[in-house]
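First the structure, in the form of structure tokens, and then the observations on it.
Here, each number is a calculation from the coordinates, and none is a lab measurement. All figures in this text were calculated on a predicted structure; none of them were measured in a lab. All Cβ positions, even for glycine, are placed from backbone atoms using ideal geometry, and neighbour counts span all protein chains on display.
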Amino acid sequence: MSESSIFSRKSSVNFSPEEITSENIDSIIKASIWAPSSRNKQPWKIIAVRRNSKKFDQLVKSMSAGNQVMANNSGLILIFCTPDESDFSPKTFLDIGFSGQNAMLRATELGLDTHPIGGWDEEKVKSVSNIPDNSRVAFLLIIGKPGKISDLDNELVDKHNKKRERNSLDKNFSFDVWGKDF
Ligand SMILES: Cc1cc2nc3c(=O)[nH]c(=O)nc-3n(C[C@H](O)[C@H](O)[C@H](O)COP(=O)(O)O)c2cc1C
């Protein structure tokens, strides 16, 4: 992944209601499955729900209200889940996170926008896509072509204009020992 996609990726709120090409979907999924994983277990189970699928609207309705407005215009929603097991190592979720980041960076390189979301009803998501009881939904990833800001409602315009920030480095990073500002 190029350094530029790391810094140009952002959680976008403005999507254009268009399909994502199969080539782009393939490329994003390929990037996702080439993530590293503990003991190379590749625990990610990824379900791609395309805009033209009859599952799309149902999946959007499983999200919190604010997320629905964003997702409604997207072209593709990826559901990242764990395997069908009752016992999960935290590493499973870590591995799935790496896979999701690969997906976001690849999509960004392809000129697509992304937004990871945790605001959805797990039982509803599972029911829409026949995900087994003993699997956990880790996160959903909204992907789409960039839309027009002029098409957004006021709430999303505010979100779009919100300054993206990061903590000062001392809050999250230290050499050798636990940082004094951790
Ligand atoms: C696991 C996870 C869950 C998230 N859930 C939501 C969500 O439900 N709704 C939302 O608007 N943004 C959600 N976000 C996006 C974060 O708010 C966003 O990544 C953060 O503010 C940093 O902004 P950036 O992604 O533009 O760098 C989520 C991000 C992650 C990684």
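The figures follow:
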item	result
Gain on full stretching of the segment that runs from Asp153 to Gln42 - 0.36 nm per residue minus C-alpha separation	36.0 nm
Ranked Trp44, Trp34, Trp178, criterion: other C-beta atoms within 10 Å, fewest first	Trp178, Trp34, Trp44
Two-site FRET efficiency, Glu19 against Ser168, from Cβ-Cβ distance with R₀ of 41 Å, rounded to 0.05	0.50
Above-threshold pairs, the threshold being 29 Å between Cα atoms, out of Lys61/Lys159; Lys41/Lys148; Lys41/Lys159	Lys41/Lys148; Lys41/Lys159
Residue exposure sequence - His115, His160 - by fewest surrounding Cβ within 10 Å	His160, His115
In range of the label at Ser86: residues from region 120-138 whose backbone nitrogen is under 14 Å from the point 7 Å along Cα→Cβ	133-135
Sorted by Cβ neighbour density within 10 Å, fewest at the top, the residues Asp153, Asp121	Asp153, Asp121
Once the Cα gyration tensor of region 3-163 is diagonalised, semi-axes √(5λ) in Å	25, 19, 14
Dipole in debye (nearest 20) - region 42-108, about Cα centre, beta carbon charges: Lys, Arg +1; Asp, Glu -1	380
Residues of type aspartates and glutamates that Lys163 reaches as a straight line, Cα spacing below 16 Å, ignoring anything fewer than 8 places off in the same chain	Glu155
Residue-averaged [θ]222 nm for the chain, counting only DSSP H segments that reach four residues, each worth -39500 (n - 2.57)	-11000 deg cm²/dmol
Computed FRET value (nearest 0.05) for Ser27 with Lys180, which takes r as the C-beta separation and R₀ as 41 Å	0.40
Among Ile6, Leu76, Asn40 the positive-end extreme of the charge dipole of region 1-114 (Cβ point charges)	Asn40
Restricting region 64-125 to chymotrypsin sites (Phe, Trp or Tyr not before Pro) in coil, as DSSP defines it, with at most 13 other Cβ within 10 Å	none
Check: region 3-163 dipole with +1 on Lys, Arg Cβ and -1 on Asp, Glu Cβ, in debye	180
